[in-house]
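Asker: One structure, as structure tokens, below. Some questions next.
The values are calculated or read from the model by the stated rules, or taken from the named source; none is laboratory data. Since this is a predicted model, take the numbers as computed values, not measurements. We place every Cβ from the backbone using ideal geometry, glycine too, and count neighbours over all the protein chains shown. We work out accessible area using only protein heavy atoms, side chains counted, and drop any ligands, DNA or RNA first. Shrake-Rupley method; radii C 1.70, N 1.55, O 1.52, S 1.80 Å.
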Amino acid sequence: MTPAMLRRALIEGLPEVQAQDGTAPAAAQVYVPNAHARALALDCSLVIGARGVGKTFWWEALRRGEVRSRLAGTVKSIDNVTVGTGFGIGVSINDAPDRETFARLIAPESGFTAYDVWRTVCVRWIGRLLDLPRPSQSWRESVSAVSSDPEIYACLLEQANKVLGEQARHGLLIFDALDRTSNDWRTTDPIVRDLLRFALDLRSYQYLHAKVFLRQDQFEGRSVKDFTDASKLLATRVELTWGSLDLNGLLWQYLLNTPADISRPIVDLLTELGCPINADADVREVPQRLRHDESLQKAAFARLAGQYMGRDRRRGIPYTWIVSHLSDSQGRASPRSFLAALRHAAVNTSENHPEHTTALHYDAIKEGVRAASGIRVDEMAEDYPWIRHLMQPLRGMSVPCSFDNVATAWSTAKVLDQLGTSEDRLPPEHLDQGPEGVREDLEKLGLLQRMRDGRVNMPDLYRVGFGLGRRGGVKPAARE
């Protein structure tokens, strides 16, 4: 195997563009870290995660029978489960109300609550589970019927639980993208709280289950847990995270499942390191040793990226350097950023350092981080479009710096006055508290870090993409 052959595997094996929401995951690219296996288990009703850690990926994976069957090899409890979608991107209006319909259903004059709506979503799901005739009622009529006759609702759940038990299968209703239910925090909180309350209700039925994928800022510090016995639901909570071991395991999963002629040098490399691969399997699995042994992962990664991030050890080693430069202020890295950085690094090495002695040149890795930073900025702006408005006046500044400098830049640009007007996204949570409130929101999202002396710092993951400088750091991306 040559560096060029390994480089080609990186370019061909890693995704050029990030998958869009609603795209079916490829079974060969499904890699399940231990924490994520716990999140997928049937007894977990609440999954929390930051942007880009895989909430929608797993929500989509659970919907797809082929992918779910593969997951059941790792997560035994989801074998023989029928999955329904209670809310999420691309869900039919017959299965769940869209944002506008939801808003009308819970308007004060309607007399309904979000709890009534979620129970009605459940009724329609049970109708599909039991092959009952599809309802011809409007959502308003359906919610009214459920709200006015709780006895019929309870009987229907009992019937569904009994039928599923007789068939020795389970029903799972999954929810995602709750930020799409409203663009007002005062409305979103009761919607989420009532959904969690509904999910707790289902836990009293042996064969009926709910799983809610929730963004971190929609859960931490929000008034969504103030209902009776909430602790019983919160005890099932699992947080999605990606450590270095998980990210590198995912990398090898992708590389092993490229076409045979491209992945051959990858298979040979791992075999040399004592990790033989079943190359004839439909889906090649990452060996258990490589999943859990950090020293082995470092040795394997060094075969791709060399020993150091420069001419000697003073610049750090690539295995840890990349993840640390792709982590936010709370130490969280996303798989999309990691894979994107490595693919860009491989392309850059091919174009500018084709004779390098390893597949990735250290300068190309820095270029990869720069490209991944831009991708991450775009990714965050999809959920939080107001972030771009906040960062534009800071372009060209250097961090760490006094927060007074940041607040002055925002004040001069009158940027806070322009926030909170998005028609389809939630505004900053603490916008009403001024610059300090917005600072708190950015820290919570991992964009800013409060240093011990009170100054503001920004991790490279965002600093580079938003065009801020730091002495001795990776130079900002040249982008508008």
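Asker: Quick one: net charge around residue 14, please, counting Lys, Arg +1 and Asp, Glu -1 for every other residue with C-beta under 14 Å from its C-beta.
Answerer: It works out to a net charge of +2.
Asker: A further question follows. Compute for the stretch 339-455: radius of gyration divided by Kirkwood radius, i.e. Rg/Rh, restricted to C-alpha atoms, rounded to two decimals.
Answerer: 1.10
Asker: From the phi angles alone, apply the Karplus equation (6.51, -1.76, 1.60; θ = phi - 60°) to the stretch 462-476 and give each ³J(HN,Hα) in whole Hz, x where the residue is Gly or Pro.
Answerer: Result, ordered by residue: 9, 4, 5, x, 8, x, 9, x, 8, 4, x, x, 4, 5, x Hz.
Asker: To continue, here is another question. Ignoring ligands, DNA and RNA, what percent of the accessible area of the stretch 214-303 is carbon or sulfur (1.4 Å)?
Answerer: Carbon and sulfur: 47 percent of the exposed surface of the stretch 214-303.
Asker: Further question on the same structure: Which value, in debye to the nearest 20, gives the size of the charge dipole of the chain about its Cα centre, when Lys and Arg are +1 and Asp and Glu are -1 at the Cβ?
Answerer: Using Cβ point charges on Lys, Arg, Asp and Glu, the chain gives about 1280 debye.
Asker: Among the lysines, which fall within straight-line cross-link reach of residue 162, defined as a Cα-Cα distance under 28 Å, with same-chain neighbours fewer than 8 residues apart omitted?
Answerer: Answer for residue 162, where 28 Å is the Cα cut-off: 76, 211, 232, listed by chain and number.
Asker: I've got another one for you. Accessible area of the stretch 136-183 with a 1.4 Å probe: how many percent of it is carbon plus sulfur?
Answerer: Of the solvent-accessible surface of the stretch 136-183, carbon and sulfur hold 49 percent.
Asker: Mean separation of Cα pairs under 8 Å and 6+ residues apart, divided by the residue count of the stretch 93-172: what relative contact order is that in percent?
Answerer: Value for the stretch 93-172: 27 percent.
Asker: Given the C-alpha centroids of the stretch 245-259 and the stretch 338-386, what is the distance between them in whole angstrom?
Answerer: One Cα centre to the other: 17 Å.
Asker: Here is a follow-up. Using all C-alpha to C-alpha distances in the stretch 311-405, build P(r) with 5 Å bins and read off the rounded percent in each one.
Answerer: 3, 12, 18, 20, 19, 14, 9, 4, 2, 0
Asker: Can you check what the Kirkwood hydrodynamic radius comes to for the chain, Cα pairs only, in Å to one decimal?
Answerer: Roughly 24.3 Å, rounded to one decimal.
Asker: Can you give the direction-averaged projected area of the convex hull of the alpha-carbon atoms in the stretch 1-109, in nm²?
Answerer: Average projection, Cα convex hull of the stretch 1-109: 10.0 nm².
Asker: Averaged per residue, what accessible surface does the chain expose to a 1.4 Å probe, in Å²?
Answerer: It amounts to 44 Å² per residue over the chain.
Asker: Another question, then. Could you tell me which residue out of 346, 110, 163 lies farthest along the dipole of the chain toward its positive end? Charges go on the beta carbon: Lys and Arg +1, Asp and Glu -1, centred on the Cα centre.
Answerer: The one lying farthest along the dipole's positive direction is 346.
Asker: Give me the distance between the Cα centres of the stretch 136-153 and the stretch 1-70, rounded to whole Å.
Answerer: Here the two parts' Cα centres lie 38 Å apart.
Asker: Also: What is the Cα radius of gyration of the stretch 170-229 over 2.2 N^0.38 Å, N being its residue count?
Answerer: 1.14
Asker: In whole angstrom, how far apart do the alpha carbon centroids of the stretch 431-463 and the stretch 260-301 sit?
Answerer: Distance between centres, Cα-based: 40 Å.
Asker: Moving on. Under 10 Å from the Cβ of residue 356, count the other residues' Cβ atoms, weight Lys and Arg +1, Asp and Glu -1, and hand me the total.
Answerer: Summing Lys/Arg as +1 and Asp/Glu as -1 gives -1.
Asker: When Lys and Arg each count +1 and Asp and Glu each count -1, what net charge do the other residues less than 13 Å away from residue 256, Cβ to Cβ, add up to?
Answerer: Spelling it out: positives minus negatives among the neighbours equals -2.
Asker: Let me ask something else. Can you give the accessible area of residue 298 in Å² (nearest 10), computed on protein heavy atoms with a 1.4 Å probe?
Answerer: Its heavy atoms expose roughly 70 Å² to the probe.
Asker: On the accessible surface of the stretch 22-85, probed at 1.4 Å, how many percent belong to carbon and sulfur atoms?
Answerer: 45 percent
Asker: Shifting gears a bit: With +1 on the Cβ of every Lys and Arg and -1 on the Cβ of every Asp and Glu, and nothing else charged, how large is the dipole of the stretch 284-407 about its Cα centre, in debye rounded to the nearest 20?
Answerer: 360 debye
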